[in-house]
Every structure is written in structure tokens, then in C-alpha cells.
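One structure below.
Here, each number is a calculation from the coordinates, and none is a lab measurement. Since this is a predicted model, take the numbers as computed values, not measurements. Reconstructed Cβ throughout: ideal geometry from the backbone, glycine too, with neighbour counts over all protein chains shown.
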Amino acid sequence: MPDRFDLVVLGAGPGGYVAAIRAAQLGMKVATIDSRATLGGTCLNVGCIPSKALLDSSELMVLARSELSRHGIGVQNVTLDLAAMMARKDRVVKGLVDGIAHLFKKHRISHFQGTGRLTGQGRVTVTGSDGKSTTLEGAALLLATGSDPAALPTLPFDGTHIVGSTEALSFDRVPAHLIVVGAGYIGLELGSVWARLGAKVTVLEFLPRILGPTDAEIAALVQKSLTKQGLTFHLDTEVLDAKLQGGQVLVRAQSQGKEASFHGDRVLVAVGRRPRTAGLGLEEAGVVLTDRGGFVKVNETFQTSAAGVYAIGDLIGNPMLAHKAMEEGVAFAEQRAGQAVRVNYAAIPSVAYTWPEVSSVGLTEEQVKETGKPYRVGKFPFAASGRARSMGETEGLVKVLADAGTDRLLGVHILGPRASELIAEAVTALEFAGSAEDVARICHAHPTLSEAVAEAARAAFAGMPLHA
Ligand code: NAI
């Protein structure tokens, strides 16, 4: 007799593990399946967490090398012990994945390591690395298997010289010249890490701009800032092919209508991710995929076209963000428990952990323009913030977009110190359908970076900020 559960979750990443925990908290008997030896999926093991660990370490390196002296602090002989930096990153990851294992134990979630496949109504078969199989039964089956890096046919991964983000988080030495293909989140974050640690970094981007979905004004400022930090950008550039030549990769590209070639010792391909649907038995189970992108099609309660089979996270589409998957995991579990919960997709923040950081929520100015409705823009530069000046981090600004008629917030975009944290206030305001005036009139502690958000909101509703 197969083990019976209320919920069987395939994939223990941010979507799956959060759904499992929430369902268990609500009294369900839950099992999870993941082929990885540790819990936490891509995000914890080879994504968000290790990249942030390296971004923080490499930022400290830059501070020690060139910023501390401005504060009157002398540091001599700043050296890099890359192995120690990587070991610290691995400890950070281990602490967090062990933490999830602890939570699973606490909530009596049964975890099965192996590859899961739908094998009949309400059934999943798990095959371990030893080839042994177990079949589980679930009243509901939740697919949360995430995504894999997209490969370029012109630039196939070889695991050493032409790599994806996983390998670029564990290089054993600083590349002399890292060529990054794709100026999206991964390209800019990992490009920043290796540039800070001393690599020459060249970014090749297909589009005429970086960070495609970001507000164009903010993206242009990010490009300027990263260029100052030593990254070189080639926009409008399409990779044609690549070949290995004596340990170097020669990448040929069509750049702004002309042929160009780039030599580097490592190439990071970061051109997006694809939903991980292969091998799950979806077709046999009657789970339908979207024509564009091959995502699993779901309705607003995450139900796929197969009875009893649900899907969340990267598998169901954009934005492919860990926190979106987590929200969906919580909402799914609570819906199973009979609660009327929905994810508000209009208020999902996004963050690029470059330096300065970039964050946003809601519509970009380009999207607002497309609606044709009149709108107001309020901006406030960090150079006019007392806190930012005392920190010595004055680059960037807050940009608030509000409806000209109702003053309702439409979008907030931040480039600056701690933008990743500052965006939470804007998300809250948007969630509560707040206005620019609401944000401007909330009392913000002084001196804090958050005052810049209030000042930009004031500029949107009153026409000008107080301090600029
Ligand atoms: P992305 O979608 O953010 O950026 C990919 C970039 O590659 C785009 O600018 C695209 O125009 C460009 N591109 C596509 N094909 C190309 C080609 N042939 N030649 C040159 N450029 C090309 O994808 P990325 O950076 O790989 O990230 C994958 C996913 O991971 C994203 O969906 C993102 O949401 C998520 N992620 C989120 C992070 C965060 O929240 N901070 C950090 C890292 C990843």
C-alpha cells in the first residue's frame, strides 16, 4: 500500500517548501520530494542565497580597498582569500538548508529524496539515486519543480569555460576576463561580484538596454554606475558562436550591426530560465503547458488541467522570483484549507542586488505611459538625504509614479543604498491602494534612508520635496 498524504509536493525550493510548511501548520499530512541532497531548491543552494553571500563579501572587499579611507580608516594589504570567501558562502547556505530540514522535522513533513513523476491519478513515484522506487498517494499533488538556466544554441554550456550561474558561484579563481551574456539579474549580480574581486567583465546584451523589465530611466542609471565600477557593456549584441582556443573562449557576435569578437577565459550565459517540466510525466497526466515558454497552465487557484494536480512558482511563469513562489505556496496551502486567499500580482517587488541596489514595485513609467492616463512623477536623490550622506552612499534616487487624478500610487522605483529593504514600504502602500500623499504624510524617522521615499512621494503629490 502506498503512503497516503493530504498533500504531496514535488520540489522543495521556496515555492514547495513554503507550501509544505504552511500546509502542515494547517493540519495537513504532507510529503515533499526533491532530487537534490539538501532542501531549499535553486534559491538556497545555488541561487539567491550564495549569490548574496558573495555580493556581500565582495562589497566588503571594495569597501576595504577604496572606501574606508574616506572615513579616515587606514587598511593596508587588503588581500583576497577566495577559498575562504567561498567556504563562508557555503556555510551560509548550509545553515539555511539545515534550518529548513529542522522546520520539516518540527512540522512532521515527510521528505523523500529522489526524482518524482506523476504515475496515475493522485499518485507520484519517487526514484532514488540507488534506482529504488516508492509510490506516494496524495489528495492533492503540487508541482513546484522550478526552472533551469536557459542555454543558447550558439553558446552551449561546457561546465568549465562556458557556464551558467551555478558554476559562476564557485569559480576556483578570479577570471582574468569574464564575458557575461545577458544583462539581466544574474548577469549584473554575478558580473558585479567578479568585477569587484578583480576580473575584467564584459557584458553582451541582445537588447538595446540593460535590465529589460526595469523602469528605463533607472536602468540607464544602473548602467552608468556599473560602467564606473569597471563593467563594459555592449548592447544590441547578438552572440553568433564561440570556440575554445588555448584555454580562452573566442565569442563572435553581431554588435550594433557590425561583427565583433571577444576573448575571455570564462563566459557566463545568463539569458533567462526555463520551467523544469521534463520527466514529470505531465503529458501522460494531462497537464497542459502554455504555447509560449512551456509553463504549466493554471487557474487562479493553481489548479492545472489535470484533476488534483496543482502548480506554483517558476513553473507557472513570470516573474520567476523566489518571493513570488513563496506567496503562491502560502496561498495554495491556505486555499486547500478552505481560506479565500489570492496573490496580488500587482504588488510583487523585484530587486537587483547590484551596488547601489535596484528595487521596484508596480508599473514602470513606460507602462504607465501605455495606459494613456495622466500621471505625476516625484523624484528624490539620495545625495540630498542626510543619512545617505553620512553613510557616504549618495548615488541614486527614489522615483514615485502616481495617478494625476486620484494620486493613487502606480509604481515606485529605487536605485540606492538598501533599496532592497526600502521597497517594502512602497509594497505595503501599493497593497493598501495608498496614495503618494499617504506615503508622504507617514512620519519617517530622521535621519533614515526611508525619508527619501517620503520625499519622492511628496514631490509626486505636492510638486516638490522639502529637501531638494
Ligand atoms: P533575465 O531574464 O533577468 O535576463 C536575461 C537577459 O539576457 C535579458 O536582458 C535578455 O535580453 C538577455 N538575452 C537573452 N538572450 C540573449 C542573447 N542571445 N544574447 C544576449 N543577451 C540575451 O535572466 P537571468 O539574469 O538569467 O535571470 C534568470 C531568472 O532568475 C530571472 O527570471 C530572474 O527573475 C531570476 N533572478 C532573480 C534575481 C533577483 O531577484 N535578484 C537574481 C537572479 C535571478
If I stretch the segment between Gln245 and Lys224 completely, what's the gain in nm (0.36 nm per residue apart, minus their alpha carbon distance), one decimal? 4.3 nm
Using the beta-carbon distance between Arg441 and Ser170 and R0 = 56 Å, what value does 1/(1 + (r/R0)^6) give for FRET efficiency, to the nearest 0.05? 0.70
Toy charge model, Lys and Arg Cβ at +1, Asp and Glu Cβ at -1: the chain dipole around Cα centroid in debye, rounded to 20, equals 600
Cβ-isolated cysteines (cut-off 4.7 Å), the chain: Cys443
Could you please state, rounded to a whole Å, how far the C-alpha centre of region 294-345 is from the C-alpha centre of region 202-229? 31
Virtual spin-label span in nm between Tyr345 and Gln121, 7 Å along Cα→Cβ: 3.0
Only Cα pairs under 8 Å and at least 6 apart count here; give the relative contact order of the chain as a rounded whole percent. 14
Ignoring everything except DSSP H segments at least 4 long, calculate the 222 nm mean residue ellipticity for the chain; use -39,500 (n - 2.57) per segment, divide by total residues, nearest 500. -9500 deg cm²/dmol
Magnitude of the charge dipole, region 356-462, Cβ model with Lys/Arg +1 and Asp/Glu -1, debye to 20: 240
FRET efficiency for Arg108 and Glu284, Cβ-Cβ distance as r, R0 = 22 Å, nearest 0.05? 0.10
Asp236 versus Met391: modelled label distance in nm, points set 7 Å from Cα along the beta carbon direction: 3.7
Write down the Å³ per residue value for the convex hull defined by the alpha carbon atoms of region 162-271. 88
Normalised alpha carbon radius of gyration of region 311-468 [divisor 2.2 N^0.38 Å]: 1.09
Under 13 Å, Cβ to Cβ, from Ile210 - net charge with Lys/Arg +1 and Asp/Glu -1: -3
Neighbourhood net charge (10 Å Cβ-Cβ; Lys/Arg +1, Asp/Glu -1) for Arg22: 0
Over the chain, what lengths in whole Å, largest first, do the semi-axes of the equivalent ellipsoid take, defined as the square roots of 5 times the eigenvalues of the alpha-carbon gyration tensor? 37, 30, 22
Of the residues Thr166, Val377, Ala278, the Cα lying farthest along the dipole of the chain towards its positive end, which is defined by charges on the beta carbon of Lys, Arg, Asp and Glu, belongs to Thr166
How high is the relative contact order of region 188-270, in percent, with contacts defined as C-alpha pairs under 8 Å that are six or more residues apart? 23
Can you sort His107, His102 from fewest to most other Cβ atoms within 10 Å of each residue's own Cβ? His102, His107
Quick calc: nm separation of the 7 Å Cα→Cβ label points for Arg65 and Arg209 -> 3.1
Links exceeding 24 Å between C-alpha atoms in this model, out of Lys369/Lys399; Lys94/Lys228; Lys29/Lys89; Lys200/Lys379, come to Lys94/Lys228; Lys29/Lys89; Lys200/Lys379
Scoring only Lys, Arg, Asp and Glu (+1, +1, -1, -1) among other residues with Cβ under 14 Å from the Cβ of Gly128 yields +1
